[in-house]
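Here is the structure we will look at.
The values are calculated or read from the model by the stated rules, or taken from the named source; none is laboratory data. Given the structure is predicted, the values throughout are model-derived calculations rather than measurements. Virtual Cβ from ideal backbone geometry, glycine too; neighbours counted across all protein chains shown. Accessible surface areas use protein heavy atoms only, side chains included; no ligands, DNA or RNA. Shrake-Rupley method; radii C 1.70, N 1.55, O 1.52, S 1.80 Å.
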Amino acid sequence: MRHLHLLLILLLASHNSATAAANAQVLELDPARSHAAFEVKVLYLIGVHGEFGSVHGFLRADAASASVDATIDTNAVHMRNRRYEAWTKSAEFFDAAHFPQIHFASEPFPLQRLTAGGEIAGTLTIRGIRKPAVFAIDPAECAAPLSGACAVAAAGTIRRSDFGMRSRRGALADKVDLSLSSFVQPRSP
């Protein structure tokens, strides 16, 4: 009888999981309207900014939770100074020739964080090195960010040395601020 009870519990749990998976909504990050940026301090005073051409990925949401998977093309970095731009793509910084993408995959987080704000944790991969990362989501500027009406904005800080970027330590800060502004749209078939 105990085995039958356990089997019924497992069947019910698997049915609930299958129902939740079937009710999950998968939205694409809109690459035309989404963007990412970074800032690193030179001589620990002057902020040098860079922006990436687009952000690709998806957001999966069900009634209670969400997760995000985002990819940024390191070759698509744009900066005011072309010399800095070439340097950030070089082996000293992003090493875009060998590591053409930055990737973030979040852990599931409460769905209401997309509107109310809060932290999301996940794994950030830069230069092929995977590290835990936490980003703070800003409160949404609209009531329904899953409709694509407004961006979901997030920011976080990493240490570049954690990702193998150890050059120019005397002139360049170890701290790099990252920001992301993402709009969603229905996923392409």
³J(HN,Hα) computed for each position of segment 118-127 - Karplus, 6.51 cos²θ - 1.76 cosθ + 1.60, integer Hz, glycine/proline x: x, 8, 10, 10, x, 10, 9, 10, 10, 6
Under a point spin-label approximation (7 Å from Cα along Cα-to-Cβ), what is the LYS131-SER161 distance to one decimal in nm? 1.0
Over 14 Å, how big is the tail of the calculated P(r) for segment 44-84, in percent of all Cα pairs? 62
Applied in sequence order to segment 100-106, the curve 6.51 cos²θ - 1.76 cosθ + 1.60 (Karplus, θ = phi - 60°) yields integer Hz couplings, x standing for Gly and Pro, of x, 9, 9, 10, 10, 10, 7
Ordering of 175-185, 107-117, 154-164 by burial proxy (mean other Cβ atoms within 10 Å per residue, highest first): 175-185, 154-164, 107-117
Provide the FRET efficiency to the nearest 0.05 for the ALA121-ARG82 pair, computing r from the beta carbons and using R0 = 41 Å. 0.70
I'd like the accessible area for LYS131, computed on protein heavy atoms only with a 1.4 Å probe and all protein chains in place. Round to 10 Å², please. 70
